[in-house]
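Everything on this sheet refers to the single structure shown next.
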Amino acid sequence: MAQPQQARSALVILALAVVGHCLLGHTEATDFVVGDAGGWKFNVIDWPNGKSFKAGDVLVFNYAVGAHNVVSVTKDGYDQCLPLDGKVHTSGKDRITLVKGDNYFICSFPGHCAANIKIKVTAT
């Protein structure tokens, strides 16, 4: 007689696990290659358009070392193309995890940010 009770308990636990997963949603982070196959380059500013990002997703910035860099900046730094105490990344294969809200990135090489090597990514 204990077996039917155990089977019911197992089904209830399984059902709760499925419902919990559906309610909480899938939380796995996604890697996004900035600029897709072209990488971190001139006029990449529109690359985020039409994409959905969430906190914890990772942006991968691919570029030739010495040709560019990536600087995490504030809104003012983004708007003015100034690094303003931002963290500078120079590996050519930089991986940066998004935080909730607006995330701003520029290339601080002279003239590059003004040539739209910059992006704003909003993560939910």
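The values are calculated or read from the model by the stated rules, or taken from the named source; none is laboratory data. Owing to the predicted nature of the structure, the values given are computational and were not obtained by experimental measurement. All Cβ positions, even for glycine, are placed from backbone atoms using ideal geometry, and neighbour counts span all protein chains on display. Note: accessible area is taken over every heavy atom of the protein model, side chains too, but ligands, DNA and RNA are not part of it. Shrake-Rupley method; radii C 1.70, N 1.55, O 1.52, S 1.80 Å.
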* To do: Restricting attention to the stretch 114-124, report how many residues are out of contact with any helix residue (DSSP H, G or I) (no Cβ under 8 Å at 6 or more places or on another chain) and of a type outside the set (A, V, I, L, M).
  => 3
* To do: Filter the stretch 88-122 down to the residues that are among the β-branched types (Val, Ile, Thr) and open to solvent by 30 Å² or more (accessible area, probe 1.4 Å), then identify the one that is farthest from residue 54 (Cα to Cα).
  => 90
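Do you know which of the residues in the stretch 71-124 that are of a type in the set (D, E, K, R) and assigned to a strand (DSSP E or B) is nearest to residue 43 (Cα to Cα)?
Going through the stretch 71-124, the residues of a type in the set (D, E, K, R) turn out to be 75-76, 79, 85, 87, 93-95, 100, 102, 118, 120.
Those still in the list that are assigned to a strand (DSSP E or B) too: 87, 93-95, 102, 118, 120.
Numbers: 87: 22, 93: 19, 94: 19, 95: 20, 102: 20, 118: 8, 120: 13 Å.
For the stretch 71-124, the residue satisfying everything is 118.
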* Structure fact -> Filtering the stretch 78-87 down to residues that are touching an Asp or Glu at 6+ places or on another chain (Cβ under 8 Å) and either buried (at least 18 other Cβ atoms within 10 Å of the Cβ) or over 15 Å from residue 115 (Cα atoms) (or both) yields 84
* To do: Take the stretch 23-60 and flag every residue that is exposed (fewer than 14 other Cβ atoms within 10 Å of the Cβ), assigned to a loop (DSSP other than H, G, I, E, B), among the charged types (D, E, K, R) and at pLDDT 95 or above.
  => 46, 51
* Qualifying residue in the stretch 62-75 (condition: open to solvent by less than 10 Å² (accessible area, probe 1.4 Å), at positive phi and either in contact (Cβ under 8 Å) with a residue 60 or more places away in the chain or not charged (D, E, K, R) (or both)) -> no
